[in-house]
Amino acid sequence: MAGQQRVAVLGLGGMGRAMAGNILRAGLPTVVWNRSPDPARRLGEQGAQVADSPADAVGRADVVITMVTDADAVTSIATDRGMLAAMRDGAVWAQMSTIGVTATERLARTVAEQRPDVVLVDAPVAGSRGPAEQRKLVVLASGPEEVRERVAPVFEAVGQRTVWVGPTGAGSRVKLANNLLLAFVNEGIAESIALGRALGLDRSAVLGALQGSPLVSSWAAEKLERVGRDDYTPQYPLTLALKDVNLALREVDPDRFPVAGSLATQWQRAVDRGLGGEDLTVVTRALEDDQRT
């Protein structure tokens with residue numbers, strides 16, 4: 001259809017797959033690529049065009065989305081696998097992975113040096129797999145004002161709200177602050193439940209008191225409900241949550257943020273015990289297990 005943005009989505013993990021599906025359902029022509037082929041094949045069955053490589057995926061795209069695990073993966077796709085070189089003149093690269101400030105600034109320099117005709121938009125998202133599937137993400141976008149209208153249909157397809165927070169790089173800064181708050185909320189849930197158990201309370205009594213409390217957000221309420229069922233299937237795996245806390249601590253003087261540092265140390269112990277692939281709420285179970293040993 002004339003006038004529609006053609007979108008390429010590179011990286012089809014839990015988040016990227018859900019986002020690409022929503023872009024498809026919004027009626028935008030979509031090309032997908034993933035390192036392992038099965039997620040791309042399933043989206044192909046829904047109407048996406050499946051590319052054999054990152055370079056093949058982006059050649060005709062107006063907006064290119066990268067949604068992968070970390071900065072190394074983004075760099076590998078963009079430079080080693082030829083994505084950046086293959087992008088069309090004037091295309092927008094919406095980098096939506098959470099990779100931190102330093103890596104984002106490095107990418108911006110690479111784009112400026114190698115492809116100054118490509119516009120980099122730094123746009124990580126607030127939300128995990130469930131909100132991604134439900135199109136309830138918040139896009140924390142940053143970049144030149146002149147491209148905001150061009151990317152609006154794409155961001156509207158994946159999220160319930162887009163917040164423009166400043167020039168390229170501001171989005172990654174806001175994302176780190178957002179994820180640190182999320183980490184503290186999760187830790188608050190875990191420690192409140194564990195404290196109740198240490199005080200001799202039944203877990204269900206603590207959960208029942210917390211549910212419906214004005215202190216508990218809708219996100220926290222959903223996590224409490226899952227903890228009550230001992231359901232730690234990953235929406236936001238603990239390894240990724242810990243990565244994001246560590247990204248924040250690397251950008252600042254960690255001595256100024258001792259609580260965040262203590263949280264990272266505790267979560268690393270849980271990861272070392274083999275819990276990293278579970279949802280970050282599994283730290284509740286880790287704390288309770290510590291009490292029993």
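The values are calculated or read from the model by the stated rules, or taken from the named source; none is laboratory data. Just so it is clear, the model here is predicted, and its values are computed rather than measured. Glycine gets a Cβ as well: all are built from the backbone with ideal geometry, and neighbour counts include every protein chain shown.
Going by what's in this entry, would Met67 be described as closer than 16 Å to Pro153 by Cβ and under 23 Å from the mean Cα position of the chain (by Cα)?
No; evaluated as a whole, the condition is false for this residue.
For a quick check of your reading of the model, give me the residue pairs whose first member lies in the stretch 67-83 and is within 15 Å of Leu247 (Cβ to Cβ), whose second is surrounded by 16 or more Cβ atoms within 10 Å (Cβ to Cβ) and of a type in the set (S, T, N, Q), with beta-carbon atoms closer than 6 Å and at least 6 apart or on different chains.
Between residues of the stretch 67-83 that are within 15 Å of Leu247 (Cβ to Cβ) and residues that are surrounded by 16 or more Cβ atoms within 10 Å (Cβ to Cβ) and of a type in the set (S, T, N, Q), the close pairs are Val68/Ser97; Val74/Thr66; Val74/Ser97.
Considering only helices (runs of 4 or more DSSP H) fully contained in the stretch 1-104, which possess at least 1 residues that are touching a Gly at 6+ places or on another chain (Cβ under 6 Å)?
The helices (runs of 4 or more DSSP H) meeting that bar are 14-25, 54-58, 83-86.
Name every residue in the stretch 126-172 that is surrounded by fewer than 21 Cβ atoms within 10 Å (Cβ to Cβ) and among the hydroxyl-bearing types (Ser, Thr, Tyr), in order of residue number.
Hit for the stretch 126-172 is Thr162, nothing else.
So, Ala40, is that one in contact (Cβ under 8 Å) with a residue 24 or more places away in the chain and under 20 Å from Pro153 (Cα atoms) or not?
Taking the combined requirement at face value, the residue does not satisfy it.
Do we have any residue at all in the stretch 197-212 that's polar (S, T, N, Q) and in a helix (DSSP H, G or I)?
yes
If only one of Asp244, Asp230, Asp253 is among the charged types (D, E, K, R), out of contact with any Gly (no Cβ under 8 Å at 6 or more places or on another chain), on the phi > 0 side of the Ramachandran plot and not assigned by TED's automatic domain parsing to the domain that holds Arg129, which one is it?
Asp230
Any residue at all in the stretch 105-125 that's acidic (Asp, Glu), in contact with a Gly (Cβ under 8 Å, 6 or more places away or on another chain), surrounded by fewer than 23 Cβ atoms within 10 Å (Cβ to Cβ) and farther than 21 Å from Gln4 by Cβ?
Within the stretch 105-125, one or more residues are acidic (Asp, Glu), in contact with a Gly (Cβ under 8 Å, 6 or more places away or on another chain), surrounded by fewer than 23 Cβ atoms within 10 Å (Cβ to Cβ) and farther than 21 Å from Gln4 by Cβ.
Give the stretch 54-82 a look and list any residue that's of a type in the set (A, V, I, L, M) and within 14 Å of Pro124 (Cα to Cα), or say none.
Scanning the stretch 54-82 gives Val64, Ile65, Met67, Val68, Ala71, Val74.
Within the group Arg60, Arg161, Arg106, which residue is within 28 Å of Gln235 (Cβ to Cβ) and among the charged types (D, E, K, R)?
Arg161
Considering each of Ala141, Ala132 in turn, give the residue that is hydrophobic (A, V, I, L, M, F, W, C), modelled with pLDDT under 95 and either assigned to a helix (DSSP H, G or I) or not assigned by TED's automatic domain parsing to the domain that holds Trp267 (or both).
From the options Ala141, Ala132, the qualifying one is Ala132.
Restricting to the stretch 173-184, give me the number of residues that are without any contact (Cβ under 8 Å) to a residue 60 or more places away in the chain and loosely packed, with under 15 Cβ neighbours inside 10 Å.
Number satisfying all stated conditions: 1.
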